[in-house]
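The values are calculated or read from the model by the stated rules, or taken from the named source; none is laboratory data. These figures come from a predicted structure and were not determined experimentally. Neighbour counts are summed over all protein chains in view; Cβ atoms, including those assigned to glycine, are modelled from backbone coordinates with ideal geometry.
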Amino acid sequence: MMVRTGSVQTTLVGLVAIVCALGMAPAAHGQIASDRPGFGDGATTVAPGTVQLGLGYALDRETGRAPGETIHEFGQVLLRTGVTQALEVRGGVGSLKATADGSGYEGLALGTKLRVLRTPRTALSGVATTSVPVGTGAFAPGDRRARQELKVAFDGALGEGLVLSVNSGASFFYDAGLQDERDLEGLFIPTLSVGLSKTTGAYVGYAGFYGKSTNRNWVEGGLTFTPNADTQFDVNTGLRMDDNVDTGFFVGLGLATRF
């Protein structure tokens, strides 16, 4: 699949310019490190003794079984808890999904995040996630191999209320499939986040997934609202920028809370 390189570059330049302009406004951003919305994860780990819950809804027109199919996804549940100051364990419980042709449950993932570096302006963590092929009804898995994702997550403060986050790594099937194919896929996800006020923030970014025969390229953005130190609401959207995907987009909303 060919990538519309010029379109992606033009869009990214525009998004970076918007975020940098927003960053000119003074802000004392109050976001919590929710690892949602968006494709990427931050480098921050959950504090020991804290449980953090994320959940949401999305309307998705990219991952359907037929071109242009709309999927409604309810759940997107992610539970995280701190083991030490630098280590957390996490579990994705999955979602209920519905289309015009059927519905079912899909998704189960287990993982860890380990922070390996922290300075006053930067942080670096390793994230390992295993996706388990669990599903029911219309979303029963066609491939029953577990998939492993390994990546590093970097956060760097660029200025007052402005943060650059970068994820880089790869995913692959544990077991060999057809013709010994493990379907290795690289990933690169840079994201710029900016605090608009003490309670609101915004982000824009790019998410690229690079496979042997297919690349998936996204631009995404969203807003967050943090009414208190332990609760954050979000809205987000993304657009796929590939030649052969004319209707690839999603919109969603969600909640992250800790207790």
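Structure values in brief
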read-out	value
Test: residue in segment 136-147 that is under 20 Å from residue 97 (Cβ atoms), out of contact with any Phe, Trp or Tyr (no Cβ under 6 Å at 6 or more places or on another chain), in contact (Cβ under 8 Å) with a residue 40 or more places away in the chain and surrounded by 15 or more Cβ atoms within 10 Å (Cβ to Cβ)	yes
Search result, residues across segment 32-58 that are in a loop (DSSP other than H, G, I, E, B) and of a type in the set (A, V, I, L, M, F, W, C)	32, 33, 39, 43, 46, 47
Qualifying residue in segment 87-101 (condition: of a type outside the set (D, E, K, R), within 30 Å of residue 156 (Cα to Cα), touching a residue at least 60 places away in the same chain (Cβ under 8 Å) and in a strand (DSSP E or B))	no
Any chance residue 97 is touching a helix residue (DSSP H, G or I) at 6+ places or on another chain (Cβ under 7 Å) and either surrounded by 15 or more Cβ atoms within 10 Å (Cβ to Cβ) or at pLDDT 95 or above (or both)	yes
Unique residue being out of contact with any strand residue (DSSP E or B) (no Cβ under 6 Å at 6 or more places or on another chain) and of a type outside the set (Phe, Trp, Tyr) when the list is 89, 132, 163	132
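Table: residues versus (1) assigned to a loop (DSSP other than H, G, I, E, B); (2) more than 23 Å from residue 55 (Cβ to Cβ); (3) not β-branched (Val, Ile, Thr).
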site: 110; (1), (2), (3): no, no, yes
site: 141; (1), (2), (3): yes, no, yes
site: 152; (1), (2), (3): no, yes, no
site: 172; (1), (2), (3): no, yes, yes
site: 186; (1), (2), (3): no, yes, yes
